[in-house]
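Following: one structure in structure tokens, then a few remarks.
The values are calculated or read from the model by the stated rules, or taken from the named source; none is laboratory data. Not measured: the values here are computed from a predicted model. Cβ placement follows ideal geometry from the backbone for every residue including glycine, while neighbour counts extend to all protein chains displayed. These accessible areas exclude ligands, DNA and RNA; they are computed on the full protein's heavy atoms, side chains included. Shrake-Rupley method; radii C 1.70, N 1.55, O 1.52, S 1.80 Å.
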Amino acid sequence: MATVKGKKRRYAKRILIAYDGSGYAHGVLSELLLSGLPNEAEVMIVTVSEIWLSLGVQTAEECLDKDIAEYFLKHREQAERNLKEARVIVRQARAELLRYFPDWNIRITTASGSPAREILSRASEFKPDIIVSGAQGLSSDREGGLGSIVQKVLSEALCSVRISRLKPQSTHSQPRIIIGFDGSRGSMTAIKTVALRSWKIQPEIRIVTVTDPFIPLVPGRVLRPFPGFSEGKLEGEQKWVELLAENALRVFRDAKQSATLHIYSGNPRMILIRESKEWDADSVFLGANCHEFRPEHASLGCVASAIAERASCSVEVVR
């Protein structure tokens, strides 16, 4: 909150940004210009100095062994240097972010310890609407996918999580947004989230629905589809999905935005990742715990996790 004429002001949106100074984290700051986040918000930037070994004592005098006491002093000196570096990093992040969003009320904080645990701890206190993180950080040894820290935050956070990936300069003039939709409450929340965002440039929006491939086969030495069945089934399926998606399309019409519906049959993980790559999407939005069309199937939580891991663009998992 900020003070305006002696009164505390409550911002409509709270955003927690996990930042470690890595190339991935640096890309997060400028990528937020394409996220549709509001011009005014209460923001916390968290930088964690990663320290895993806890010696279980507070002073060197508590160490009964001379060698351990010497190691304790060196360990503490290194921890203090790391924390000073973290303070410099987080101040630089705040200065850069204010260039993009001058009306954001930004506080900064640093901590030492396990990054995922500290980020989630700050989130439980700050209660953000969304946590923003790069796909990987300084401690990651992977060339792609998600680092272990953001994986833990994504799976355990109680709010929405945006995995930001800064792409090369785009050739298209509007942000391109894909929303995974399956008719569930979670996917409708993702629809409403996109519709309510404060887009600086009106985005192109594709609602992508993936149904299950179901083609009955004639038994024999070679399995083959029943003649004519799949065509009729797909026609009915098309009408069914269009009916389910009508409410989603209405949300965008009411918001004076346009969106198109795209229906595919197959594996939702593969299709959503493929579509985001081929269309050169800037972001994919997904509900955190959507179900597929048939309730006995696995939840979209697995789909959201896979897409957050493998997509080449930013992914926002909405709670």
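Listing for the model above:
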quantity	calculated
The lone exception for residue 83 - which of (1) farther than 23 Å from residue 117 by Cα; (2) among the hydrophobic types (A, V, I, L, M, F, W, C); (3) at pLDDT 60 or above it fails	(1)
Filter result for residue 221 (modelled with pLDDT of 95 or more and over 30 Å from residue 103 (Cβ atoms))	no
Cross-chain or 6+ apart pairs with Cβ under 9 Å, the range 251-267 first and without any contact (Cβ under 8 Å) to a residue 12 or more places away in the chain and surrounded by 12 or more Cβ atoms within 10 Å (Cβ to Cβ), then in a helix (DSSP H, G or I) and of a type outside the set (A, V, I, L, M, F, W, C)	none
The range 156-189 - residue that is part of a helix (DSSP H, G or I) and closer than 24 Å to residue 146 by Cβ and, of those, most open to solvent (accessible area, probe 1.4 Å)	156
Among residues of the range 249-278, those that are part of a loop (DSSP other than H, G, I, E, B) and either within 16 Å of residue 187 (Cα to Cα) or at pLDDT 95 or above (or both), counted	1
Condition met for residue 205 (in contact (Cβ under 8 Å) with a residue 60 or more places away in the chain and under 18 Å from the mean Cα position of the chain (by Cα))	no
Matching residues in the range 160-181 - criterion: being over 13 Å from residue 279 (Cβ atoms) and either in contact (Cβ under 8 Å) with a residue 24 or more places away in the chain or of a type in the set (Lys, Arg) (or both)	160, 161, 162, 163, 164, 165, 166, 173, 180, 181
One residue from 88, 43, 57 being open to solvent by less than 50 Å² (accessible area, probe 1.4 Å), among the β-branched types (Val, Ile, Thr) and at pLDDT 85 or above	43
Residue list for the range 116-142, restricted to those being modelled with pLDDT under 90 and open to solvent by 30 Å² or more (accessible area, probe 1.4 Å)	138, 139, 140, 141, 142
Test: residue 153 is under 17 Å from the mean Cα position of the chain (by Cα), at pLDDT 80 or above, part of a helix (DSSP H, G or I) and of a type in the set (A, V, I, L, M, F, W, C)	yes
Residues satisfying the stated conditions in the range 1-23, i.e. in contact with a helix residue (DSSP H, G or I) (Cβ under 9 Å, 6 or more places away or on another chain) and either modelled with pLDDT of 90 or more or on the phi < 0 side of the Ramachandran plot (or both)	14, 15, 16, 17, 18, 19, 20
Filter pass, residue 106 being β-branched (Val, Ile, Thr) and either more than 18 Å from the chain's Cα centre (by Cα) or more than 28 Å from residue 47 (Cβ to Cβ) (or both)	yes
Positions within the range 93-109 being without any contact (Cβ under 8 Å) to a residue 60 or more places away in the chain and surrounded by 13 or more Cβ atoms within 10 Å (Cβ to Cβ), in sequence order	94, 98
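Residue-wise test of (1) farther than 18 Å from residue 135 by Cα; (2) not small (Gly, Ala, Ser).
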residue	(1), (2)
157	no, no
161	no, yes
164	no, no
169	yes, yes
174	yes, yes
178	yes, yes
181	yes, yes
186	yes, no
191	yes, yes
